[in-house]
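Please read the structure below before turning to the comments.
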Amino acid sequence: MVADQLEKGSVEVLTTLAGELHKTRENWAWLTDQMLAKRYGRDSVVIALGGGVVGDLAGFVAATYMRGIPVVQVPTTLVAMVDASIGGKTGVDTSAGKTWWAFSILLLLCLPILKSLPHFHLGKCVRVLQRLSSMA
């Protein structure tokens, strides 16, 4: 686990379920309530380790916690590496639409992670890259 590699006491892990279904106000509230209960201050940093949903949710949590704290994106899927972790479009889904917020202070890409992903992720990424290139 990544937290085991960091200095003891300097990192706490908060987890959420993956998938678009879980990118909700309720999960945002649960995560921010956990941070408040643990007395995280404005000197805290959120590290989003996961796919696009994790990055979106963590980015929105960081952007709205105590009027904003830094977020570091560490995407673990190819789509998150080329789309979800960049461009400042973090947020949660609501019945009225998506919310959008804040930019990451750092984006870390660990390319060896890609070797562990199922092949269908590559096709998904190609479609995202095509969409992004058509906007340029």
How much length is gained if the chain between Ile113 and Thr24 is pulled fully straight, taking 0.36 nm per residue apart and subtracting their Cα-Cα distance, in nm to one decimal? 29.4 nm
Provide Ser95, Ser44 ordered by accessible surface of protein heavy atoms (probe 1.4 Å), highest first. Ser95, Ser44
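The values are calculated or read from the model by the stated rules, or taken from the named source; none is laboratory data. Just so it is clear, the model here is predicted, and its values are computed rather than measured. Please note that ligands, DNA and RNA were not included when accessible areas were found on the heavy atoms of the full protein model with its side chains. Shrake-Rupley method; radii C 1.70, N 1.55, O 1.52, S 1.80 Å.
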